[in-house]
Structures are given as structure tokens and as C-alpha cells.
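Heads up: the structure comes next, in C-alpha cells.
The values are calculated or read from the model by the stated rules, or taken from the named source; none is laboratory data. Since the model is a prediction, treat every value here as computed from it, not as a measurement. All Cβ positions, even for glycine, are placed from backbone atoms using ideal geometry, and neighbour counts span all protein chains on display.
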Amino acid sequence: MAVTLAELRKIETDPLRGSVMDTMLMESNVMQECPWETIGQLSTTIVRYADLPSVGFRKVNEAWSESSGTLEQRTENVAIMGGYIDCDKVIARANNTIADTRATQQTMKVKAMTYKFNDKFINGNPQSDPEEFKGLEKRVDDLYNEGFTGQRIDVAGGSVTEGILNSSATRHNFLDKLDQLIYAIKGHNPNWLFMNDATLLAIRSLLRREQLLDTTKDMFDRRVDVYGGARMVDIGVTADQTTEIVAENETTGGGTTECSIYAVKFGVGEFMWGIEEYPMEIDDLGLVSSSPHLYRTVIDWPLGLAMVDPYSIARLFGIIASAAS
């Protein structure tokens with residue numbers, strides 16, 4: 001059975017696991033929505049349609065021509081994410097601290113893990129680091145190379161030189177491309193549109209001017225912008241708190257600084273979903289035998305992504321979010 005981390009949190013009874021889940025859900029929209037399948041192994045085989053069988057017509061008393069569809073297999077791997085949370089017992093036992101030191105270190109570690117997951121959800125590249133799972137950017141590139149060219153959309157055919165807020169013409173050109181991105185997803189209804197903060201603010205301004213902006217709330221009652229039924233969020237920064245996960249360092253159009261939007265639709269066995277060898281484990285080991293002055297907590301989660309339908313994801317690139325060129 002596959003459920004989201006948000007649903008698991010509702011039935012979690014262990015306070016330590018519950019506090020870790022709360023932090024992850026607070027820091028990641030992906031974690032709120034992505035369903036997880038426990039596969040019990042380090043990889044899983046995905047089967048998807050390659051070619052459908054042909055269908056024709058026949059005359060009375062004639063036979064049909066035989067035709068069979070073909071399938072193709074893909075392997076999706078998990079990556080082992082986690083770490084130690086160590087705290088010296090003299091600090092943990094100090095009475096003059098304003099907060100529980102071990103709890104503070106745990107929160108910081110879990111935030112860093114969540115930022116790492118968010119980053120690899122977009123930028124994961126096992127070719128450069130075999131310990132990572134493959135993220136959306138590489139998956140879209142793979143689809144493009146396989147012939148699914150509609151899943152990678154250029155805002156202006158490689159010649160964009162103006163910000164999307166520069167004029168009415170550029171605003172409407174961008175909206176046309178944003179509609180194309182949404183339409184590229186199966187059913188034309190992605191769950192999320194992931195971007196950086198500058199792009200989100202520019203789109204919010206654009207949609208407000210055109211009276212097209214809608215909003216909803218996430219599980220923490222925070223505002224989420226909506227367009228075309230898709231929720232739009234800033235996926236945030238890496239653990240250094242400054243580096244944008246969706247960076248403004250693309251130079252595909254006219255040598256300008258550009259960025260992208262990623263559209264995603266989740267669904268286990270149907271679209272995109274998360275895989276785990278086993279559910280996240282958090283163990284308080286107490287004092288470490290090899291270093292008896294340290295309290296240690298271990299967080300361990302072997303996880304990855306799986307995707308069946310090539311129309312589960314798409315990317316709109318070449319975006320200049322600034323108001324001036």
C-alpha cells in the first residue's frame with residue numbers, strides 16, 4: 001500500500017518519528033504530496049508501453065491481421081539518505097540552554113536532509129554521483145532524447161531576451177507557454193509546478209494583472225498559488241540556505257540568465273511516485289559505545305523516484321523572471 005508522508009503522520013504514534021515527519025512536511029511540498037511505495041529491495045523494475053497494437057478494419061468473412069503491443073522495462077534505484085545526529089553529553093545535560101540541544105540538532109539535521117531531497121528531486125544525477133537518485137531535470141532530458149520532445153518546452157524558441165513582465169506581449173507569450181507546459185502532462189492537470197522564488201513572484205504578479213490568480217492552502221494552512229488547477233510553489237534552496245534549487249544560471253536563450261519550471265503529476269504505478277526499500281527509521285542509540293561522551297540518533301531512509309508514464313513530468317525553460325531585460 002502506498003501513502004503519502006502526510007497520511008503516515010496522521011497515524012504515527014512514536015514521538016521521535018512524528019517530530020521528524022513534521023519537520024520534513026513543513027520544509028517540502030514534495031513530501032506532502034508524493035506517495036511512497038515500499039519495495040523491500042534496492043531497485044524495482046518498471047514496465048511501460050512502448051508501442052500499442054495496430055487496429056484496422058476487415059471485410060465480411062475475412063480475418064483480422066494479428067498485431068500485438070510491445071512493452072519495455074526500466075530499472076529504478078533507491079539511494080540511501082540519512083545520517084548521524086551527535087551531541088556531547090555535557091552539552092545535552094547543561095541546564096543553562098534555552099532549548100533542548102539534542103532536539104535542536106535533530107531539527108537542523110532533518111531540515112538539511114529535506115533540503116537535500118528537494119535538491120535531488122530536481123537536480124539528482126546518478127551519472128555524476130552514483131549515490132543519488134535521478135531527478136526531474138535528467139528525466140526530462142532522457143524523455144526528450146527518446147523522442148518525447150513535447151516534454152521540454154522553450155519559452156521563446158531559444159531567442160528570448162525579455163523578462164516575462166516587460167510588456168503585455170511578453171506576458172501573454174509566457175502564459176501561452178505555461179498553458180503548453182500544463183497541457184503536456186497526462187490529463188492536462190499536473191499536481192504541482194515547481195520553480196524558484198523570483199519566477200513564482202513574477203508569475204503571481206502576471207496572473208494578478210490578468211485576473212487569473214487563484215489560491216488554496218497547504219496542510220499547514222499556508223497560501224499556495226494556483227493556475228490552471230496546478231499548485232505553484234517555490235521549491236526553495238539547498239542546505240546552505242542561499243543556493244537556489246532551480247537556479248537562474250541557464251543560458252539557452254540569447255545568452256541571458258534564465259530558469260525553468262517543472263510540472264509533475266503523482267500517482268503510484270501510473271505516473272510518478274516515491275519508492276523506498278523500507279520506511280524511514282529513526283533510532284535513538286543513546287551513548288555511543290565507541291565514544292561514550294556522545295549521544296547519537298540515526299536517521300536512515302533508502303529512497304528514490306519511479307515513473308511509468310512519460311507524460312508525468314515536463315519542463316518549461318528559458319524563463320527570464322525579471323521585469324527588465
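Find the residue count for the stretch 213-229, including only residues that are closer than 23 Å to Ser168 by Cβ and in contact (Cβ under 8 Å) with a residue 24 or more places away in the chain.
Looking only at that region, the number is 3.
What number of residues in the stretch 218-271 are at pLDDT 90 or above and under 15 Å from the mean Cα position of the chain (by Cα)?
Qualifying residue count, the stretch 218-271: 22.
Just to be sure, is Met232 surrounded by 18 or more Cβ atoms within 10 Å (Cβ to Cβ), without any contact (Cβ under 8 Å) to a residue 60 or more places away in the chain and not hydroxyl-bearing (Ser, Thr, Tyr)?
Judged against the criteria, Met232 is a match.
Of the residues Ile299, Ile275, which single one is at pLDDT 90 or above, under 25 Å from Ile46 (Cβ atoms), in the same structural domain as Thr101 (by TED's automatic domain parsing) and hydrophobic (A, V, I, L, M, F, W, C)?
Answer to the selection: Ile275.
For the stretch 158-187, how many residues are free of Cβ contacts under 8 Å to residues at least 12 places away in the same chain and either farther than 18 Å from Leu206 by Cα or surrounded by 14 or more Cβ atoms within 10 Å (Cβ to Cβ) (or both)?
2
The rows are residues; the columns are (1) more than 23 Å from Phe266 (Cβ to Cβ); (2) in contact with a Phe, Trp or Tyr (Cβ under 6 Å, 6 or more places away or on another chain).
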residue	(1), (2)
Ser168	yes, no
Leu193	no, no
Ala202	yes, no
Gln211	yes, no
Thr216	no, no
Asp221	no, no
Tyr227	no, no
Arg231	no, yes
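So which residues in the stretch 1-37 are more than 16 Å from Ile282 (Cβ to Cβ) and in contact with a Pro (Cβ under 9 Å, 6 or more places away or on another chain)?
Answer for the stretch 1-37, where residues must be more than 16 Å from Ile282 (Cβ to Cβ) and in contact with a Pro (Cβ under 9 Å, 6 or more places away or on another chain): Ala2, Val3, Thr4, Glu7.
Test of understanding: among Glu162, Glu137, which residue is assigned to a loop (DSSP other than H, G, I, E, B) and of a type in the set (Asp, Glu)?
Glu162
Is it the case that some residue within the stretch 21-39 is more than 17 Å from Glu270 (Cα to Cα), of a type in the set (Val, Ile, Thr) and modelled with pLDDT of 85 or more?
Yes - at least one qualifying residue is present in the stretch 21-39.
I'd like the full set of residues that are among the acidic types (Asp, Glu) and in contact (Cβ under 8 Å) with a residue 24 or more places away in the chain, limited to the stretch 45-102.
Glu72, Glu76, Asp86, Asp88
For the stretch 1-44, enumerate the residues that are touching a residue at least 12 places away in the same chain (Cβ under 8 Å) and β-branched (Val, Ile, Thr).
Val3, Thr4, Val20, Thr23, Val30, Thr38, Ile39, Thr44
Looking only at the stretch 87-121, count every residue that is over 23 Å from Cys34 (Cα atoms) and either at pLDDT 90 or above or small (Gly, Ala, Ser) (or both) and tell me the total.
Matching residues across the stretch 87-121 total 4.
If you go through the stretch 62-76 one residue at a time, do you hit one that is crowded, with 18+ Cβ neighbours inside 10 Å and touching a strand residue (DSSP E or B) at 6+ places or on another chain (Cβ under 9 Å)?
yes
Can you give me the number of residues within the stretch 32-79 that are within 26 Å of Asp22 (Cα to Cα), among the small types (Gly, Ala, Ser) and either in a strand (DSSP E or B) or in contact with a helix residue (DSSP H, G or I) (Cβ under 9 Å, 6 or more places away or on another chain) (or both)?
1
Is it the case, given these coordinates, that Glu270 is over 30 Å from Val47 (Cβ atoms), touching a residue at least 12 places away in the same chain (Cβ under 8 Å) and of a type outside the set (Ser, Thr, Tyr)?
no
Sort out which residues of the stretch 188-219 are β-branched (Val, Ile, Thr), surrounded by 16 or more Cβ atoms within 10 Å (Cβ to Cβ) and not in a helix (DSSP H, G or I), and write them in order of number.
Once the filter is applied, which keeps residues that are β-branched (Val, Ile, Thr), surrounded by 16 or more Cβ atoms within 10 Å (Cβ to Cβ) and not in a helix (DSSP H, G or I), the stretch 188-219 yields nothing.
Out of the stretch 235-246, which residues are touching a residue at least 40 places away in the same chain (Cβ under 8 Å) and β-branched (Val, Ile, Thr)?
Ile235, Val237, Thr238, Ile245, Val246
Can you name the condition, by its number, that Gly83 falls short on among (1) touching a strand residue (DSSP E or B) at 6+ places or on another chain (Cβ under 7 Å); (2) under 22 Å from Gly269 (Cα atoms)?
Here Gly83 meets the rest and fails (2).
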